[in-house]
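Here's the structure, in structure tokens; my notes come after.
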Amino acid sequence: MKLASYKQGRDGRLMVVNNDLTKATPADKIAPTLQDALERWPECHLALEQLGKDLDTGKAAPQPFDPAQCASPLPRAYQWLDGSAYVNHVELVRKARGAEMPPSFWTDPLMYQGGSDSFLAPTEDIVFAQDDWGIDFEGEVAVITDDVPMGTTAEDAGAHIKLVMLVNDVTLRYIAQPELAKGFGFVQSKPSSAFSPVAVSPQTLGSAWKDHKLHLPLYTYWNGEKFGAPDAGVDMVFDFAQLIAHAAKTRPLSAGTIIGSGTVSNLDRSLGHSCIVEKRMLEKVEHGESKTPFMAFGDTVKIEMLDHSGKSIFGAIEQKVAKYAYVSAEERRQARRSGQIG
């Protein structure tokens, strides 16, 4: 089963998409939004799966699937928790700045709570007022859960994974370092993330989904050139069941909670990278200085995962960095009066 949310209102319009990402059909009669479907998953998921079969057989009215119409599968979410399951990535970044990594990082997951009130669409520009903040992409895998009771163990947490998707977790590196030095976590350095056009059920992933991990390369292209393709199933120290159990240790998780893997990273550096800072840190370790720049206005990033036959599974996150121009409330009112905006 593959699900998308076309842009409509704040929470989108739920669509069922065929396996080849060529056709889609509205799922309004089952659930108006993905959030609604997740909250009623026991009664909705079989109907959504049947609608997908009807789409394949021609029993459901098809329309061409258009990623440009897609919001992120959950345009906003009650909770977005991002882990850092590829610990070698954390170790490398800390090593480059001369910081020791506590041994507990290998046994106790790192996780932060990100802003989830407004995610970017998968083809939406990443806009900032200036491009000297160290703009970096981060290619990740994420899962969406149903309701998870407090205290759920890792042995039971896997059953709560309902959908899988990709993430571009944008980070402003030059803002992150002084912000973290305050000892109170990310805010300004973690702007809105973007997710893949389509979220996919673990069952649809087949053999690629094993041990609560996604065992396929994650491709990242920067300005049209391949930047990396590390395998998301390799060197992932904490699987998604462990990450969910960590998050639910002291509180329940509401249906629609998104859990991220952190930047996909392999010890085999020949496979490239899923973020710029990792390459910069390797340059610093090997040569004493970082040479690769961060993103600038006009730069593009594409994040995608292909199945064993070379077909896109989730669709692609394709974004451009653009300059943000603040428009005041008064300027908006004047523009409306003059008919420049609706």
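Which distance in nm do the two modelled labels at Tyr78 and Arg332 give, with both placed 7 Å along the Cα-to-Cβ direction?
Modelled inter-label distance: 2.8 nm.
Separation between the Ala325 and Asp268 pseudo-spin-labels, each 7 Å from Cα along Cα→Cβ, expressed in nm?
Computed distance between label sites Ala325 and Asp268 equals 4.8 nm.
Using 7 Å Cα-to-Cβ label points, what is the Trp106/Asp132 separation (nm, one decimal)?
Distance between label points: 4.2 nm.
If you place +1 on the Cβ of every Lys and Arg and -1 on the Cβ of every Asp and Glu, how big does the dipole about the Cα centre of region 114-235 come out, in debye to the nearest 20?
Numbers: 7 positive and 18 negative charges, 24 e Å.
Charge dipole of region 114-235: 120 debye, to the nearest 20.
If Asp136, Asp125, Asp211 are ordered by their accessible area, calculated over protein heavy atoms with a 1.4 Å probe, which sequence runs from highest to lowest?
Values: Asp136 0, Asp125 60, Asp211 105 Å².
Listed by decreasing accessible area, they come as Asp211, Asp125, Asp136.
Given the whole protein assembly as supplied and a 1.4 Å probe, what does the accessible area of Lys95 come to in Å², nearest 10?
130 Å²
For the chain, give the percent of accessible area contributed by carbon and sulfur heavy atoms, probe 1.4 Å, rounded to a whole number. Kindly include the intermediate steps, with their values, before the conclusion.
Details: 7910 of 15730 Å².
Taking all protein chains in place, the chain shows 50 percent carbon and sulfur surface.
Separation of region 248-263 and region 109-186 by C-alpha centroid, Å?
11 Å
List the lysines whose Cα lies under 23 Å from the Cα of Lys302, skipping any in the same chain that are fewer than 8 positions away.
Lys2, Lys7, Lys23, Lys190, Lys213, Lys226, Lys279, Lys291, Lys311, Lys320, Lys323
Between Asn19 and Gln188, take the C-beta separation as r, use R0 = 56 Å, and let me know the FRET efficiency to the nearest 0.05.
Working: r = 40 Å, r/R0 = 0.71.
The pair Asn19/Gln188 has a calculated efficiency of 0.90.
Round to the nearest 10 and report in Å² the accessible area of Trp133, as given by a 1.4 Å probe over the protein chains' heavy atoms.
Trp133 has an accessible surface of roughly 70 Å² with all protein chains in place.
Rank by packing, highest mean first: peptides 230-239, 244-253, with packing defined as the count of other Cβ atoms within 10 Å averaged across residues.
On the way: 230-239: 21.1, 244-253: 18.1.
Those peptides, ordered most packed to least, come out 230-239, 244-253.
For a Förster distance of 41 Å, can you work out the FRET efficiency between the beta-carbons of Lys59 and Arg10, rounded to the nearest 0.05? Each step should come with its number before you reach the end.
Working: r = 31 Å, r/R0 = 0.76.
Computed FRET efficiency for Lys59 and Arg10: 0.85.
Keeping every protein chain in place, order Ile126, Ile30 by accessible area at 1.4 Å, biggest value first, i.e. largest first. Before the final figure, lay out the partial values.
Values: Ile126 5, Ile30 40 Å².
Largest accessible area first, the residues go Ile30, Ile126.
How large is ³J(HN,Hα), in whole Hz, for each residue of region 272-277 in order, when computed from phi with the Karplus curve 6.51 cos²θ - 1.76 cosθ + 1.60 and θ = phi - 60°, using x for Gly and Pro?
Values per residue, Gly and Pro as x: x, 9, 10, 8, 6, 4 Hz.
On a C-alpha basis, how far is the centre of region 267-342 from the centre of region 34-83 in Å? Whole number, if you could?
That distance is 26 Å.
Of the residues Val321, Val143, Val167, which exhibits the maximal mean-square fluctuation in a Gaussian network model of the chain defined by a 10 Å Cα contact cut-off?
Most flexible of the set in this elastic network: Val321.
Sequence-distant or interchain residues sharing an amide H contact under 5 Å with Ile135, placed H: which?
The list, which skips near neighbours in sequence, is Arg173, Met295.
Where does region 1-146 land on Rg/Rh, using Cα atoms and the Kirkwood Rh?
Values: Rg = 19.2 Å, Rh = 17.9 Å.
Dividing the radius of gyration by the Kirkwood radius yields 1.07.
Read phi for every residue in region 159-171 and hand back ³J(HN,Hα) as whole Hz from Karplus 6.51 cos²θ - 1.76 cosθ + 1.60, θ = phi - 60°, with x for Gly and Pro.
5, 8, 7, 9, 9, 10, 8, 9, 9, 10, 8, 5, 10
If DNA, RNA and ligands are ignored and the probe is 1.4 Å, what is the ranking of Ser201, Ser290 by accessible area, most exposed first?
On the way: Ser201 5, Ser290 35 Å².
Most to least solvent-accessible, the answer reads Ser290, Ser201.
Which stretch or stretches of region 3-46 have amide N atoms under 19 Å from the point lying 7 Å from Asp147's Cα along the Cα→Cβ direction?
Those under the cut-off are 31-46.
Please give the per residue volume of the convex hull enclosing the alpha carbon atoms of region 247-335, rounded to a whole number of Å³.
Details: hull volume 24.6 nm³, N = 89.
Here the figure is 276 Å³ per residue.
Test of understanding: what is the full-extension gain from Gln113 to Ala159, defined as 0.36 nm times their sequence separation minus their Cα-Cα distance? The partial results should precede the final answer.
On the way: separation 46, 0.36 × 46 = 16.56 nm, distance 2.22 nm.
Here the segment from Gln113 to Ala159 would lengthen by 14.3 nm.
With springs only between Cα atoms under 10 Å, which of Glu286, Glu39, Glu318 fluctuates most in a Gaussian network model of the chain?
Most flexible of the set in this elastic network: Glu286.
Once phi is turned into θ = phi - 60°, what whole-Hz ³J(HN,Hα) does the Karplus curve with 6.51, -1.76 and 1.60 give for every residue of region 72-78, x standing for Gly and Pro?
4, x, 10, x, 8, 9, 5
The values are calculated or read from the model by the stated rules, or taken from the named source; none is laboratory data. Being a predicted model, the structure only gives us computed values, none of them experimental. Reconstructed Cβ throughout: ideal geometry from the backbone, glycine too, with neighbour counts over all protein chains shown. With ligands, DNA and RNA removed, areas are computed over all heavy atoms of the protein, side chains included. Shrake-Rupley method; radii C 1.70, N 1.55, O 1.52, S 1.80 Å.
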